[in-house]
Structures are given as C-alpha cells and as structure tokens.
Amino acid sequence: MGNIAAGGPSLPQERRLVTEIPGPRSRQLTARRGSAVARGVSSTLPVYVDRAGGGVVVDVDGNSLIDFGSGIAVVSVGNAAPAVVEAVSDQVAAFTHTCFMVAPYEGYVAVCEQLARLTPGAHEKRSALFNSGAEAVENTVKIARAHTGRQAVVAFEHAYHGRTNLTMALTAKNMPYKQSFGPFASDVYRMPMAYPFRWPTGPERCGEEAAAQVISAIESQIGGSNVAAIVIEPIQGEGGFIVPGEGFLPALAEYARRSGIVFVADEVQTGFARTGAWFACEHEGVVPDLIATAKGIAGGLPLSAVTGRAEIMDSVHVGGLGGTYGGNPIACAAALATIATIEDQDLVGAARQVEATMLPRLRALQERFPGIGDVRGRGAMLAVELVKPGTKEPDAGVTQDVAKACHARGLLVLTAGTYGNVLRFLPPLVMPQHLLEEGLDVLEQAFAGLGTSQPEAPSTVISTPA
Ligand code: PLZ
C-alpha cells in the first residue's frame, strides 16, 4: 500500500466534525472542479473524500461523517472491506485485464457460479457480466427480445433503470434524468405502480388492484403476445423506496409466465443482502426469469450481471453479448470476496438488524412530526416520505432542509422520489450499532431544528466514544 494510510473498518468509528461542512479544503476542490468537471455531474454533499470504512466517510478536512448512503447502496460490506482489499490487491498484481471475450479467466466463471447459487430459483441458470447497472438492465431487454422474438417492454411509474438511451426510456422521472436527452428508445410502455401510500383506495387493496389494472392495460393497449419483458424493481429505489403493495409482484410474475413474457427483476439497488434477504424478490417468493444485479455485488468495484434461466440466456447467438470490460478480473475478484464477506459475517442478518433498530425509531419520529407521511422499506433500505402535514402533497423543500441539516451535523443522507420528497437510508451493513443509533439521533435533531436557524459551525470538536 506504499505510504497511503489505510481506510476500511480500522478507521475510528466516530462522528467527528473539525470544520464546518464542507470545510476549506473541500471548498477549494469544489472551486477547482468548477473549471474542470462538467456541470451535468452533481454531488449530493460536496465534501471530498480522503478515506472511508465501517460506518464512516472521512473528508480531506479531517471530518468523519456517519455514512447512511453507502455510495448509493454499493459498499454494503463496508468501504475498503479487508477481504475485498486483499483480493483486489492480489488480482491487480497478477493481471489487470485480458478481456474475457479475448482470453478468459477463472474469476468470471466463479462469479457466474455464485450468481447461479445465490439468486432465486433452483432452475438451471447462466450469467453474463457487465460494468454498470444500466448496462445490465439494457442487456436483459436484448436477451428477452432475442428469446421471445417480441419487442414491447413494460416498465412502471416511478421506475429507475439507468441513464443510457434504452434505460432512460425505461426510467420514469423526467428531471434530471431525461430532460433534453430524447428521442428515447421506442416500444417501452409505462404502467401504474402499486404505491401503497398513494393508492386511491388505500394500501390494503393496492397490490391486487394495481396488478389487475396493469394486466388489463397490457392486454388492451399492447397485447400480451407482443410483450418481450416486464421490467420491475422489486422495491423501487430512486423512485422513492416504494415497496409494492403485497401481491403485486407475484401477480405480475404469474401473468408473465402465462403469457410467455420474460419477467425481469432489476435488483441493482436491492440485491446482495441490502433488504434483509439476498434478493428482494424473495420477500414475496417471486422467482424472476432474469435478474439484473450491480452495486452491492463487488464492494465498490464496477461490476454488473444478468442472471437467468439457461434457456432464455442461451437463446442469444454466440458473440451477441459482451463488452471490453464486462466482468473485469479485478471486479470479479472483488465480487468473490464480497460474497464471501456477506456469508461469513451474516450480512443478510445484519440488514434485518438495521431494520429492527431503525424502523421503530423512524415510526416514533413520525408520531412527533406530522410532515412524515410514510415510513417504509425493508432491511437496510429504509425511507421516510415527507408531505405537507395532514395531506399527501409532497414536500420537497422540507426534505432538502432536513438533508442539509443532517449533512451540517455530520450525517450523510440521500434523498429520492419522483417528487423529491423522500429521505432514504442505506447504511453499510457493517455499520457499528452505536453509529446507527447516533445517526438516528442526528436525524431527530435535524427534524427538531426545522423552522429554526441552521446549526452554527462547530467551534469545538464533536466526537463520540467508539
Ligand atoms: N437500476 C434499480 O438503482 C442506479 C443512480 C444514481 P448504474 N441507481 C443510482 C444516478 O443518479 O445516476 C440504478 C438502480 C436501479 C439501475 C441503476 C443503474 O445503475 O450502475 O448507475 O448504471
């Protein structure tokens, strides 16, 4: 490691503010960035990172922030997780790249074997590896079209599937993802989502009624026999951590099976233990035909995958799938170490423990703040939706205010939602319990401070015992 000081779990596991947020060195970097980095690429919290690990991100000014974001659900095993660091270091010293399509290597095959073992369903499976979540989702559509000989693709309100042309077409929200970027890929049809908090007849009948509406709309507007794939996030991510009404996913999967439609689960954000199961489909016993994974699969290295029924995957002609970097050997080594870490440390159980700690406290917060309209999620993928009290009118302003107040106090939280009114929590699954509790304290303080002035920049060090 030369003279680079280590990150990882050995970093002091504490919230520590030594400057205002962002501090002077971060602000210098923001100024430098302005004349070098494209404006279209934004950052939620412009503190520049020096190192990270366990439950903290340490910035270049020496502030240590509690991480409730995991780099958008990526570093579930923790930043610079020791097993990942070791595997990557070994691999990078052995060889960095040959291109699997030119000269293959074992790591790629081993990752595909693990995916077959871990993803839902006992059927024969095959996988193909890519780099980003969008690339994986895009390939599920290619594969489903090749297999079915059909073209139409069904996506949902509030969906997020990526920023490439086809995945922008699948993504629901215009700003910032689609504005000015059309024309979009054709033959994509958007259907209602079973969104319990906003379902007109209430959450109880949401799943069943929404499924009936979707099936009827597909039949009347597209024709089931023209549909190649139904693509859905089993819990919607960017759209606002929407857990579909019970029964929605199973009903759609069953309809797809009856109609020869490939049922595709986009588990890019929900996969790899995040929701307290290996994959979110398991919560309702749904077995997708194809599953797209990325993010949490490789501890922070870029890797994604499509895994699915052998007969569907292998309907693509030889040479029809690939890419220069897909399944890069370093990313594969990271994935194997990540999977071993999830199993060795029972991070599926850890995600459930995060839920057990956080949900009751978020519900208690809802009792105190009527602007919290809904508390939802599973495992370590939890959120609150903010509305004007007594209504369901989204309150994006308050959402931003609370997020900013958390940031100023050293808690990294993210927002989400079609209406920008969801605060989402995605702590690493290795988050120490005391930091999880302290992060919730900070969130409570941020809510309690609403309407009052922002906290002063700390004049003294805020520090907590590890
Ligand atoms: N599918 C369900 O959550 C990525 C996007 C952040 P990539 N979500 C974070 C942003 O603003 O770009 C995501 C996802 C689901 C697909 C993707 C796309 O994954 O690795 O970002 O391409």
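The values are calculated or read from the model by the stated rules, or taken from the named source; none is laboratory data. Quick caveat, the model's predicted, so the values are computed rather than measured. Methodologically, a virtual Cβ is constructed for each residue, glycine included, from the backbone with ideal geometry; neighbour enumeration extends over all protein chains shown. With ligands, DNA and RNA removed, areas are computed over all heavy atoms of the protein, side chains included. Shrake-Rupley method; radii C 1.70, N 1.55, O 1.52, S 1.80 Å.
At-a-glance table
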{"read-out": "Test: residue in segment 272-283 that is away from the ligand (no atom under 13 Å from the Cβ), closer than 16 Å to H123 by Cα and of a type in the set (D, E)", "value": "yes"}
{"read-out": "Any helices (runs of 4 or more DSSP H) falling wholly within segment 104-223 and containing at least 2 residues that are farther than 20 Å from A251 by Cβ and in contact (Cβ under 8 Å) with a residue 40 or more places away in the chain", "value": "106-118, 133-148"}
{"read-out": "Residue among L336, L321, L303, L365 that alone is modelled with pLDDT of 95 or more and farther than 28 Å from T96 by Cα", "value": "L365"}
{"read-out": "Single condition A128 does not satisfy, out of (1) farther than 30 Å from Q433 by Cα; (2) out of contact with any Cys (no Cβ under 9 Å at 6 or more places or on another chain); (3) within 16 Å of the ligand (Cβ to nearest atom)", "value": "(2)"}
{"read-out": "Matching residues in segment 89-110 - criterion: being out of contact with any Phe, Trp or Tyr (no Cβ under 7 Å at 6 or more places or on another chain) and open to solvent by less than 30 Å² (accessible area, probe 1.4 Å)", "value": "C99, Y105, G107, A110"}
{"read-out": "Answer from G247, G223, G240 - the residue that is away from the ligand (no atom under 16 Å from the Cβ), touching a Gly at 6+ places or on another chain (Cβ under 6 Å) and open to solvent by less than 60 Å² (accessible area, probe 1.4 Å)", "value": "G247"}
{"read-out": "All positions within segment 272-293 that are assigned to a helix (DSSP H, G or I) and open to solvent by 10 Å² or more (accessible area, probe 1.4 Å)", "value": "E282, H283, E284"}
{"read-out": "Hits in segment 139-161 (condition: in contact with a helix residue (DSSP H, G or I) (Cβ under 8 Å, 6 or more places away or on another chain) and either among the hydroxyl-bearing types (S, T, Y) or near the ligand (Cβ under 9 Å from one of its atoms) (or both))", "value": "A159, H161"}
{"read-out": "Positions within segment 185-203 being more than 16 Å from the ligand (Cβ to nearest atom) and open to solvent by 60 Å² or more (accessible area, probe 1.4 Å), in sequence order", "value": "S186, Y189, R198, P200, T201, P203"}
{"read-out": "Checklist (1) over 30 Å from Q213 (Cα atoms); (2) within 13 Å of the ligand (Cβ to nearest atom); (3) open to solvent by 10 Å² or more (accessible area, probe 1.4 Å) applied to T164, failing item", "value": "(1)"}
{"read-out": "Residues that are in contact with a Gly (Cβ under 9 Å, 6 or more places away or on another chain) and surrounded by fewer than 24 Cβ atoms within 10 Å (Cβ to Cβ), drawn from segment 257-271", "value": "R258, S259, G260"}
{"read-out": "Unmet criterion (only one of (1) open to solvent by less than 20 Å² (accessible area, probe 1.4 Å); (2) within 21 Å of A294 (Cβ to Cβ)) for Q114", "value": "(1)"}
{"read-out": "A134 vs. criteria in the same structural domain as E238 (by TED's automatic domain parsing), within 16 Å of the ligand (Cβ to nearest atom) and open to solvent by less than 40 Å² (accessible area, probe 1.4 Å)", "value": "yes"}
{"read-out": "Scope segment 303-332; condition in contact with a helix residue (DSSP H, G or I) (Cβ under 8 Å, 6 or more places away or on another chain), closer than 13 Å to V111 by Cβ and open to solvent by 10 Å² or more (accessible area, probe 1.4 Å); matching residues", "value": "I330"}
{"read-out": "Odd one out for T418, checked against (1) touching a helix residue (DSSP H, G or I) at 6+ places or on another chain (Cβ under 9 Å); (2) part of a loop (DSSP other than H, G, I, E, B)", "value": "(1)"}
{"read-out": "Long-range neighbours under 6 Å by Cβ, at least six apart or interchain, first residue farther than 19 Å from G300 by Cα within segment 38-67, second in a loop (DSSP other than H, G, I, E, B) and among the hydrophobic types (A, V, I, L, M, F, W, C)", "value": "G62/V18; N63/V18"}
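For every residue, the table says whether it meets (1) closer than 30 Å to D344 by Cα; (2) of a type in the set (V, I, T); (3) touching a residue at least 12 places away in the same chain (Cβ under 8 Å); (4) open to solvent by less than 10 Å² (accessible area, probe 1.4 Å).
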site: K388; (1), (2), (3), (4): no, no, yes, no
site: P394; (1), (2), (3), (4): no, no, yes, no
site: A403; (1), (2), (3), (4): no, no, yes, yes
site: R409; (1), (2), (3), (4): no, no, yes, no
site: T415; (1), (2), (3), (4): no, yes, yes, no
site: T418; (1), (2), (3), (4): no, yes, yes, no
site: L436; (1), (2), (3), (4): yes, no, yes, yes
site: G439; (1), (2), (3), (4): yes, no, yes, yes
